[in-house]
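Presented below is the structure to which this report refers.
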Amino acid sequence: MDCSHTASRSRDMEIIPFNPEEVAPGSGLEVRCECFHTGDGVTLRLKRYAREGAQPIILVHGYTGNGLEFDLPHRGHNLALFLAERGYDVWISSFRGCGRAPYRSDTNGWLHSVDHLAALDAPALVDGVSLATGKKPVWIGHSMGGMVLYMYLAGARIAPGEGGSQVSLDPLLAAERNRSLLGGITIGSPPAFYHGGGAWVATLSRLPFFEASVRALIRLCGLLEKASPLLPVSRLGDLVARFPRLGRVLAMHGPIAIFLYNRENVYPEVGYSLLRWASDNVTTRMTAQILSLVRDRDFRDFRRACSYTERMAHITLPLLFITGTLDFVGAENIRAHGYELVASGRKRFENFAGYGHTDLVMGKRVQEEVYPVILGWLEELGG
């Protein structure tokens, strides 16, 4: 059965009181919790800045994150609020197992890969928002959130099979999905890894043991899964909430901060809020699949049977590709295997100087430099 037709038929909604700790006060926006149900019975909960009749936007988070990365409690560093206050109907999503109450999505165990997000969660989000609003939404995905868009547009299906879930790429479903959205924006989302990475990845990748270490980490994920398939990254948020002073140190000097963003381009309080609110759980299978980019160069399904990279040339959805010169995923990977390959009649590539990976969403000058580019693209789409 085609999950894209069944995933989102059931929808629930409730009004959520305004919480000034979640977002800068004074927005005057109606905040709702919306629920969609995937084809395998998982409930996804979204925070919505509701503007009935306006163009809907779906914000989709990255690996080890949740939707609140777009909705940090700081004006000037909050893409969700920026778009909502400019007239858009903004839906902040969190994949299965992710989110903060009352917007935490359920999970059907912790054995899912990124393929499940593309084949099950993504159709639930797109179909759900489309049915609720009567409009084609625009998908804005950061990091893995943009990679899931590529996979969704490739027609990813998933079904039980021998030894676990089996992925296939359906060309007819891909064509349908490319018509299901008004457009898309990917932020720091590599469709391949043929040109190495930027920032700290570029340094590590020159070391002789780099790829061997990555292969060892992939094997370690398989071993960890036997004990527990869940990697509880959300505990980081709990830790920094309990010890704010430590959290502020980690936000500027900790290993996650070094990996995630250009620290010179992030205010300490904003970095702290990112760790507190948007650190979230992943699975060993998701981790192994993301790491496999270094080994395979192509972005493949968890079992390495299908190449999503090979399907990039069949994408026709209007797309804006955003990256930064210090983005560790490597700007050339996005340009050469995303922007240059897709068959989209309308496409654009933006590489922001001095930006790392996550500061493309919440850096010091995003409201003056990055957000206006996103807004301009939305206006070009007619949204």
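Here Arg276, Arg300, Arg295, Arg311 are screened, and the one residue that is of a type outside the set (Phe, Trp, Tyr) and free of Cβ contacts under 8 Å to residues at least 24 places away in the same chain is Arg300. Just to be sure before I move on: is Leu125 assigned to a helix (DSSP H, G or I) and within 14 Å of Lys47 (Cα to Cα) in the structure I sent? In short, yes. Of all residues in segment 133-153, none are among the small types (Gly, Ala, Ser), touching a helix residue (DSSP H, G or I) at 6+ places or on another chain (Cβ under 7 Å), closer than 21 Å to Val42 by Cα and assigned to a loop (DSSP other than H, G, I, E, B).
Gly76: of a type in the set (Gly, Ala, Ser) and closer than 26 Å to Pro191 by Cα, yes or no? The answer is no for Gly76. Looking at (1) within 22 Å of Ile322 (Cα to Cα); (2) surrounded by fewer than 19 Cβ atoms within 10 Å (Cβ to Cβ); (3) among the small types (Gly, Ala, Ser), can you tell me which one Gly188 breaks? Gly188 satisfies every listed condition except (2).
For first residues located in segment 246-267 and under 16 Å from Tyr355 (Cα atoms), partners that are basic (Lys, Arg) and assigned to a helix (DSSP H, G or I) and lie 6+ apart or on another chain with Cβ distances below 7 Å form the pairs Met252/Arg263; Ala257/Arg263. Do we find that Ser165 is in contact with a strand residue (DSSP E or B) (Cβ under 8 Å, 6 or more places away or on another chain) and either free of Cβ contacts under 8 Å to residues at least 12 places away in the same chain or part of a strand (DSSP E or B) (or both) in this structure? When the stated conditions are applied, Ser165 passes them. Scanning segment 69-99 for residues that are of a type in the set (Gly, Ala, Ser) and within 18 Å of Tyr261 (Cα to Cα) gives a single hit, Gly76.
Restricting attention to segment 216-248 and to residues that are over 10 Å from Leu275 (Cβ atoms) and small (Gly, Ala, Ser), the residue that is surrounded by the fewest Cβ atoms within 10 Å (Cβ to Cβ) turns out to be Ala227. Pro318 satisfies every condition listed in (1) in contact (Cβ under 8 Å) with a residue 60 or more places away in the chain; (2) out of contact with any Lys or Arg (no Cβ under 8 Å at 6 or more places or on another chain) except (2). Restricting Ser273, Ser307 to those that are farther than 19 Å from Gly188 by Cα, of a type in the set (S, T, N, Q), touching a strand residue (DSSP E or B) at 6+ places or on another chain (Cβ under 6 Å) and at pLDDT 95 or above reduces the list to Ser307. Taking segment 261-285 as the range and being more than 18 Å from the chain's Cα centre (by Cα), under 18 Å from Asp71 (Cα atoms) and either outside any helix (DSSP H, G or I) or basic (Lys, Arg) (or both) as the test, the residues that pass are Val266, Tyr267. Quick one: in segment 91-123, which of the residues that are more than 15 Å from the chain's Cα centre (by Cα) and among the hydrophobic types (A, V, I, L, M, F, W, C) is nearest to Arg157 (Cα to Cα)? Only one residue tops the list, namely Leu111.
Can you find a residue that is out of contact with any Lys or Arg (no Cβ under 8 Å at 6 or more places or on another chain), closer than 25 Å to Leu317 by Cα and part of a loop (DSSP other than H, G, I, E, B) anywhere in segment 41-52? Yes, segment 41-52 has at least one match.
Of all residues in segment 351-383, those satisfying the criterion of being of a type in the set (Asp, Glu) and more than 18 Å from the chain's Cα centre (by Cα) are Glu368, Glu369, Glu379, Glu380. Of everything in segment 37-51 that is in contact (Cβ under 8 Å) with a residue 60 or more places away in the chain and not hydroxyl-bearing (Ser, Thr, Tyr), the residue that is surrounded by the most Cβ atoms within 10 Å (Cβ to Cβ) is Leu44.
The values are calculated or read from the model by the stated rules, or taken from the named source; none is laboratory data. Owing to the predicted nature of the structure, the values given are computational and were not obtained by experimental measurement. For neighbour counting, all protein chains shown are included, and Cβ atoms are generated from backbone atoms with ideal geometry for every residue, glycine included.
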